[in-house]
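This report refers to the structure that appears directly beneath it.
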Number of protein chains: 2
Amino acid sequence: MGVTLKDVAEAAGVSITAVSKVLHGSGKSVRIAKETETAIREAAHRLQYVPNSVARSLRTSRTRTIGLVFENFGSLSEGPMYYVLMLDGVAQELFRNHYRLTILAEVSHKHVGGALSDGRMDGAIWCKLPMEEEVLAQLAQSRIPVVALNTEAPANPLLTYVSCDNEGGARLVVEHLYALGHRRVLYVMEIGEDDTPDATARLRGFRRACQEAGLPFSEDDIVFWDRDASQFADWWRSGPPHTGVFAWNERVAGAVLRRAHESGVHVPTDLSVVGFDSTPFCETTSPPLTAVRQPILEMAKHAARILFDTLDNGPDEPRVFTYPCTLDVRGSTAPTSMVRRTRRKPVETSNGPILDAERGHP
Amino acid sequence: MGVTLKDVAEAAGVSITAVSKVLHGSGKSVRIAKETETAIREAAHRLQYVPNSVARSLRTSRTRTIGLVFENFGSLSEGPMYYVLMLDGVAQELFRNHYRLTILAEVSHKHVGGALSDGRMDGAIWCKLPMEEEVLAQLAQSRIPVVALNTEAPANPLLTYVSCDNEGGARLVVEHLYALGHRRVLYVMEIGEDDTPDATARLRGFRRACQEAGLPFSEDDIVFWDRDASQFADWWRSGPPHTGVFAWNERVAGAVLRRAHESGVHVPTDLSVVGFDSTPFCETTSPPLTAVRQPILEMAKHAARILFDTLDNGPDEPRVFTYPCTLDVRGSTAPTSMVRRTRRKPVETSNGPILDAERGHP
DNA sequence: TATGATGGATAAAAGGTTTTATCAACCGCC
DNA sequence: GGCGGTTGATAAAACCTTTTATCCATCATA
């Protein structure tokens, strides 16, 4: 079907070896005369020779391709925007270094080893790694290097992790809301996500920051955003004492905003809302969403560079890279002094004294 | 490095052929006894054999991989959302059929043939195909089938196209705004995009629909959204007579919305805004954006299916599949009767009579 | 007892590249 | 005239799989 080295060799009246050497520089000890070289180049150009990467990969066992593994890709356009940002960051760095990107999705945990070891890629970046010990062990023993992106690392990591300081990010939220005068903050969790390492870390950070600030925090301050948002609706109907809401991710935060708007609750005057993951999406909501930013593009690029390094210089010990988060303050948060007293009683004064005593902490 | 057929064969005390037959069903005329088969399976499992897809691809010249080509991928997270939707649709259909997806970007036009013919993929989907004749000719002669997605087809297509009725979509906008009473509508173009087939088709549809409705339309009714939006600002400052704006794409429409908001112009009471490409993004703007919807997920899946068909049954004549557009009416458009007369003079009456005479058309 | 199926299995080629080892020719030099 | 060194080039193995052709029994049939 395609033009091969053999075809070029025949056309130029030389050996395959010579053509390979000239066109791809392969073979250290092979020497070619200037005239032969030009003849070969001419023939290759005339025949429109295109090297067969598959054959080359078979020989060199390098594909110059990196796999990006998503647990559930079907949600890319519906899911949170940072998935797109991860993809974007990884892709940019790969393309810049002339690597190719292939996307894997719905890799069954049983065949995880096979999917990564079939020779189609040189390395893999795993987004939102699951926690199952056995899966992790399999990945660590995989024939190709694997980096975990955007997943909280366990205590004794078997792989290299690139993640953000979820706990610290949650703390930023508490500090921000505290500084604005908020004294009761609701944490909105998502159903089905509550046992992921990231969600756990965020909630932990939130809890601890509240404790240290002397803010009351009980299980009643956690509510789940399920599909029909019934828990949230219940909470809302009961005339909640909270003046702030921290949504565990961007999408839920957007949903809270919309729900508030529908209920005639004005953000930020009636309620301050903060989300996790500051993305372009947060700029288009109304009001724009205050959110924790993890430098996801940078992180994604870093993950790719780690793979390059491993491929060039051999494997390294598993390491954990944790990126600090920052807070992008936008229009969805405001001082409690702005709260209209119409809908709820001004709870912020009741906790005032306690807070003054503890001010040093956060 | 990896376990090969040979290893399994030795472990089971049989030939490579036998193992290949049992594990992959290859070789029509090869027959294996039940006991031998179980022995082979046992050995394969014990050694954790993983077939080498690269070697297999070399032999069969099939990779079960489809390439998705983006002209400029770097903009995925910044660019319009329908890029993500295209990717999502293609990916879903590929994965459903156990194909793999690899992403190509920044394929230089000179090496376009090489990038597609190096054996790494069985087919390609090209998003936003350029128009250059020579490139198209190269693609058509490519070793693998190529389908153009989301690109207006030329008169004599060399490839199969899956696109939407851009012209009809633009007409929907005119009809919608006309029905709401708008009589002067501004078309907002994007710099650098104005010569793409899609943009041309949209503008053409807009022009024709205006003509047929008897709406005045001159070159003054087209304005470019450049980087600092200076043209748009000029237009705006001059106290434009338009009551409606049609932005050629989603992102520009969003920018117009924001600009209007900053200028204290209320959408939709002061101005109606319509965009092209109705995506999740349009639901998060304030107000939600009325926009033309092309069934992009369906189109993307269709493109993938065309490739499957070509790969299974051989090439077909180039065809053009044009999907009709619909209009998602959201909050950014309203009847002109709602226009507050404070900021601009009521231009809609001046054209009234002409319109009544031509009412039958749209 | 040939003949012909049939079941069970293997050898070997092919696919396109990389790379090592080998070879021929030539030159210069003792 | 034999030796070492250099230049220019090639043959052939290896990478791992698929697939065709071949082979050897065995067994039934004429």
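Quick notes on this one:
- Within the same chain, lysines fewer than 8 places from A:Lys34 are excluded, and of the rest, those with a Cα less than 30 Å from its Cα are A:Lys6, A:Lys21, B:Lys110.
- Normalised radius of gyration (Cα atoms, divided by 2.2 N^0.38 Å) for chain A: 1.32.
- Here the 3J(HN,Hα) profile of segment B:132-140, calculated from phi with Karplus coefficients 6.51, -1.76 and 1.60 at θ = phi - 60°, is 3, 3, 5, 5, 4, 4, 4, 4, 5 Hz, Gly and Pro shown as x.
- In order along segment A:203-216, the Karplus-derived 3J(HN,Hα) couplings, from 6.51 cos²θ - 1.76 cosθ + 1.60 at θ = phi - 60°, round to 5, 4, x, 4, 4, 5, 4, 4, 3, 5, 7, x, 7, x Hz, and Gly and Pro are given as x.
- Charging the Cβ of each Asp and Glu at -1 and of each Lys and Arg at +1, and nothing else, the dipole of the protein assembly as shown about its Cα centre rounds to 640 debye.
- For B:Leu327, the residues 5 or more places off, or on other chains, whose built amide H falls under 5 Å of its own are B:Arg293.
- Helices in chain B, meaning DSSP H runs of at least 4 residues, each add -39500 (n - 2.57). Divided by all residues, the mean residue ellipticity at 222 nm is -12500 deg cm²/dmol.
- Long-range amide H partners of B:Leu104 with built H, under 5 Å: B:Leu68, B:Val69, B:Phe70
- Position B:Arg305: other-copy label points at 4.5 nm, ordered by increasing distance, label point 7 Å along Cα→C-beta.
- Karplus-based coupling profile of segment A:14-25, in residue order and whole Hz: 10, 8, 4, 3, 4, 4, 4, 4, 5, 7, 10, x, with θ = phi - 60° in 6.51 cos²θ - 1.76 cosθ + 1.60 and x standing for Gly or Pro.
- Charge dipole (debye, nearest 20) of segment A:61-153; +1 at Cβ of Lys and Arg, -1 at Cβ of Asp and Glu: 500 debye
- Peptide A:115-124, shielding by other chains (average Cβ, 10 Å cutoff): 4
- Comparing A:Leu5, A:Ser263, A:Gly113 along the charge dipole axis of chain A, the residue lying farthest to the positive side is A:Leu5, per the Cβ-charge model.
- Put simply, the amide H of B:Ser332, placed in the peptide plane, has neighbours under 5 Å in B:Thr290, leaving out anything fewer than 5 places away on its chain.
- For segment B:40-84 versus segment B:111-173, the gap between their alpha-carbon centres in whole angstrom: 22 Å
- Shape of the protein assembly as shown, Cα gyration tensor, a/c cut at 1.5: oblate
- Listed by chain and number, the lysines whose alpha-carbon sits under 24 Å from that of A:Lys301, ignoring those within fewer than 8 places in the same chain, are A:Lys128.
- Fraction of alpha-carbon pairs over 16 Å apart in segment A:5-51 - percent: 22 percent
Where a number appears in this text, it was derived from the coordinates with a stated rule and is not lab data. Note that this is a predicted model, so its numbers are computed, not measured. As a convention, Cβ positions derive from the backbone with ideal geometry for all residues, glycine included, and neighbour counts pool all protein chains shown.
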